[in-house]
Structure formats: C-alpha cells, structure tokens
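**Q** One structure coming up, written as structure tokens, with questions to follow.
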Amino acid sequence: MPIEEARRSVTSSYYDEADVDQDSLSDANEQREIGSINAAEEWVDITAKVVELWEPRSDAIAQVGLVGDETGRIKFTSWAKSDLPTIEEGSVYQLGNVVTDEYQGQFSVKLNRTTTIEEVDDEIEVGDNTTEIEGALI
C-alpha cells in the first residue's frame, strides 16, 4: 500500500473513532480536469460524464469504465468494499476525493470509501485525449 494511502486510511480510522467530521478539519482537494492528471497518488476532485461501463473482472470491483470531460477520458475503478452508489452511463457526476493511479504509463482514478458521488445537471462534451499528427512517414 502506498504511504499516502496508508496515512489517509489510519487518519480516517482515528477520525471515525473520535466521531470527528473529517471535512471540517481538512483542506479541500483540488478540482482537476481529466487531461491534467499526470501523476499517481494524488487526491483530487473531478466532474465527469460516464462514457462507458465494463463488466468487472473481479468480485473486489463494483464498477469499472471510462469517465471523461472536455479535456479527455480516464479509466475509473470503484471498489466493492467501498459500498458507493452505482453510477450510470451517460450521466455527469461530481466525484470528490478520488485518488489517481498509473499503470504502464496510463493514468486512472480510483473511487474509495471516502469518495463522494453527486449527480449534477450539466452536459459535458467528452474529449478523447488523442493527438493527430500529419506528415510523411519514411
């Protein structure tokens, strides 16, 4: 387990034991555009449209798929043990307190038990983070 995730988990357990509202004590995460996610182990907030949902390959995963905004698309994973509400394909959500991850050069976001999910009444035109290059190939 990464050290930042372990630290956050232990801190969260202490807040729960002391019956303290974490949100009243901690700073808010940075609201990020998906295209600007370029590092792992960052805790961010994003507003995104659910582009596609896939069938999870493991019982540990509740949902997996692609979310996107105007700047691009990114894979998301929602863990079963987090007991989060189900999100629907085509809907737009404010996702608070998600953690970024990286595998083989591809970034993703993970929804965990501290993630907040709020459906918003926005319409997002999703970008595709592709680059087109024209020229002669030799």
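The values are calculated or read from the model by the stated rules, or taken from the named source; none is laboratory data. Worth saying up front: this structure is predicted, and the values here are computed from it rather than measured. Heads up, the Cβs are rebuilt from the backbone with ideal geometry, glycines too, and the neighbour counts pull from every protein chain shown. Remember, those area values only see protein heavy atoms, side chains included, never the ligands or the DNA or RNA. Shrake-Rupley method; radii C 1.70, N 1.55, O 1.52, S 1.80 Å.
**Q** Does residue 70 meet the test of being without any contact (Cβ under 8 Å) to a residue 60 or more places away in the chain, open to solvent by 40 Å² or more (accessible area, probe 1.4 Å) and under 20 Å from residue 37 (Cβ atoms)?
**A** So residue 70 fits the description; yes.
**Q** Within segment 98-138, which residues are more than 18 Å from the chain's Cα centre (by Cα) and of a type in the set (Gly, Ala, Ser)?
**A** 135, 136 - these are the residues of segment 98-138 that are more than 18 Å from the chain's Cα centre (by Cα) and of a type in the set (Gly, Ala, Ser).
**Q** Restricting attention to segment 31-56, report how many residues are open to solvent by 50 Å² or more (accessible area, probe 1.4 Å) and in contact with an Asp or Glu (Cβ under 7 Å, 6 or more places away or on another chain).
**A** So the count comes out to 5.
**Q** Run down 95, 84 and say which single residue is in a loop (DSSP other than H, G, I, E, B) and buried (at least 17 other Cβ atoms within 10 Å of the Cβ).
**A** 84
**Q** Restricting attention to segment 98-121, and to residues there that are open to solvent by 90 Å² or more (accessible area, probe 1.4 Å) and among the charged types (D, E, K, R), which single residue is farthest from residue 70 (Cα to Cα)? I'd like the intermediate steps shown before the answer.
**A** So in segment 98-121, the residues open to solvent by 90 Å² or more (accessible area, probe 1.4 Å) come out as 103-104, 106, 113, 118-119, 121.
Imposing the further condition that a residue be among the charged types (D, E, K, R) reduces the set to 113, 118-119, 121.
On the way: 113: 27, 118: 19, 119: 17, 121: 16 Å.
Checking each candidate, the answer is 113.
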